Each structure stands twice: as C-alpha cells, then as structure tokens.
Amino acid sequence: MRPVKITPNFVRAVDGSCLIELGNTRVICTACVVNELPRWRKEQQLGWVTAEYGMLPGSTRERKPRPAAKPDGRSVEIQRLIGRVVRNVVRFEKLGENTVYLDCDVLEADGGTRTASVTGAYVALALAAARREKAGQFAPRALRGAVAAVSVGLSDGRAVLDLDYAEDSAAQVDMNVAMTAGGKLVELQGTAEGRAFTTTELDKMLRLARRGIRQLFQAQRRAVADGLRA
C-alpha cells in the first residue's frame, strides 16, 4: 500500500467530510443530508444515498475540462460505482425521508481515484450519520458496517497492490475490489489489459486486496473517531 492518510472534517460546512490521500492521489469527499427524496423513492418511508464524482481541472498533467452540462461517461460510471458500493452498508429505514449526497472531487490523480473515493465517501457518510443520529434526525445504527475499496493488478506476472498511474498503465491485469468490514465482497471490476489471467492469479490478487483493505479499515476508524472528537 502507498501511504494512507485520511483527514476528517476537511470541509466544515457539511454534515461529514474528509480528505483522503493514497500516495499522490488526493480526493475530497463530502456527505450532505438534504430533506428530499427522488420522485420514485417518495411514499416508501425510506431514505436514499447517491454519489457524484468529478476530477478538478488541475488534477492531471493535462488540464481536465469541466463538464459543460453533464459528467463524462467515465465519471458517470465511477459515481454509480461509489453509490452502489456504499449503499450496501446503509439501513435506509433509519435515514428518514432524506437523501445523502456523497460528492467526491479529485484534487490530484495518480491512480486509484475510484477506490480512494469509495473509502473516503464512507468516512464522510459515517461522520454525517453519527451527527444526525446525535441530533435525533437519523435513527440509531443507520450504518450496518464499514466498506472500503482498493486496486490490485498483475505486473510482470506479479500481484501488485494499490497501483499508481505508472503501474496501472503498464499492468497486464487491472482490478478494483470493494469489501465490507465483515470480509464480504461488494464489487469486483477486473479486466485483462495485456493477457488473460487464471483463477490462481485471481485468488492471489483477492488475498492481496483483503490485506490492503484491512489497512484502509484501520485508517477509516481512526478518521471517524478523530472527526467526532473534534
């Protein structure tokens, strides 16, 4: 794993936030609770959690244009991934008729922005949920556990954890793994970029991902605890 740092309460105007840093990748994650629901969700007495993702213009070597009207296809795919993964640990009946918006904005991209966004979005959500529970606006235990994600791959036949941009560009296999704190898989995104891979190699990558995600859970717990004490 690259060095991991999660700074809670990075944006103080919202319900929950953090800055997550994985090596040179840095992402701001915020959680905003809004007293509204999508039209299709109304009358169900269930809350909702959704995510948005974007890369700021200076996040890459070449300026990343701001989307004029709507996010590009890659950003849409990533924000759907973030929402899908994080919703696995939410008890919607505990949220009231509220929507939690998780916004992930990439300050600097050096590989692993989607997995960093998942890991940081959970921290922002956990802080927001704890504060809303304390205020009596969410029912207790709105979250059933933690979730985090990491990238793995194969480079020169060797399993590699938490790939930076250079490693990712040269990898023969690229995979993103999201897991709950209980050790269950939430999402697998794996692609053979250079060659097909075997189930034995898949097992190696999953074992490596599990080790990395355990480190991320430790960083998440520290960040949430520090954020709630502040």
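The values are calculated or read from the model by the stated rules, or taken from the named source; none is laboratory data. Quick caveat, the model's predicted, so the values are computed rather than measured. Because the Cβ atoms are built from the backbone with ideal geometry, glycine has one as well, and the counts that use them run over all protein chains shown.
Odds and ends about this structure:
- Counting the residues of the range 193-213 that are loosely packed, with under 15 Cβ neighbours inside 10 Å and under 20 Å from G182 (Cβ atoms) gives 3.
- Hey, R131 assigned to a helix (DSSP H, G or I), farther than 24 Å from V4 by Cα and touching an Asp or Glu at 6+ places or on another chain (Cβ under 7 Å) or not: yes
- Test: V224 is outside any strand (DSSP E or B), of a type in the set (V, I, T), touching a residue at least 12 places away in the same chain (Cβ under 8 Å) and within 19 Å of G120 (Cα to Cα): yes
- Qualifying residue in the range 174-184 (condition: under 18 Å from the mean Cα position of the chain (by Cα), assigned to a loop (DSSP other than H, G, I, E, B) and within 14 Å of V123 (Cβ to Cβ)): yes
- Candidate set from the range 6-33 (those that are over 18 Å from K134 (Cα atoms) and of a type in the set (V, I, T)); member that is farthest from the chain's Cα centre (by Cα): V11
- Out of G16, G47, G54, one residue alone is out of contact with any strand residue (DSSP E or B) (no Cβ under 6 Å at 6 or more places or on another chain) and crowded, with 17+ Cβ neighbours inside 10 Å. It is G47.
- The one condition from (1) modelled with pLDDT under 95; (2) of a type outside the set (D, E); (3) outside any helix (DSSP H, G or I) that S75 does not meet is (3).
- The number of residues in the range 86-115 being more than 17 Å from P38 (Cβ to Cβ), touching a residue at least 60 places away in the same chain (Cβ under 8 Å) and part of a loop (DSSP other than H, G, I, E, B) comes to 6.
- Filtered by the rule that a residue be farther than 25 Å from R141 by Cβ and touching an Asp or Glu at 6+ places or on another chain (Cβ under 9 Å), the range 8-48 gives E21, L22, G23, N24, T25, R26, V27, I28.
- Within the range 172-191, the set of residues being surrounded by fewer than 14 Cβ atoms within 10 Å (Cβ to Cβ) and among the small types (G, A, S) comprises G182, G183.
- Residue match in the range 62-72 (condition: part of a helix (DSSP H, G or I), surrounded by 11 or more Cβ atoms within 10 Å (Cβ to Cβ) and at pLDDT below 90): no
- Residue match in the range 197-218 (condition: in contact (Cβ under 8 Å) with a residue 40 or more places away in the chain, hydroxyl-bearing (S, T, Y) and assigned to a helix (DSSP H, G or I)): no
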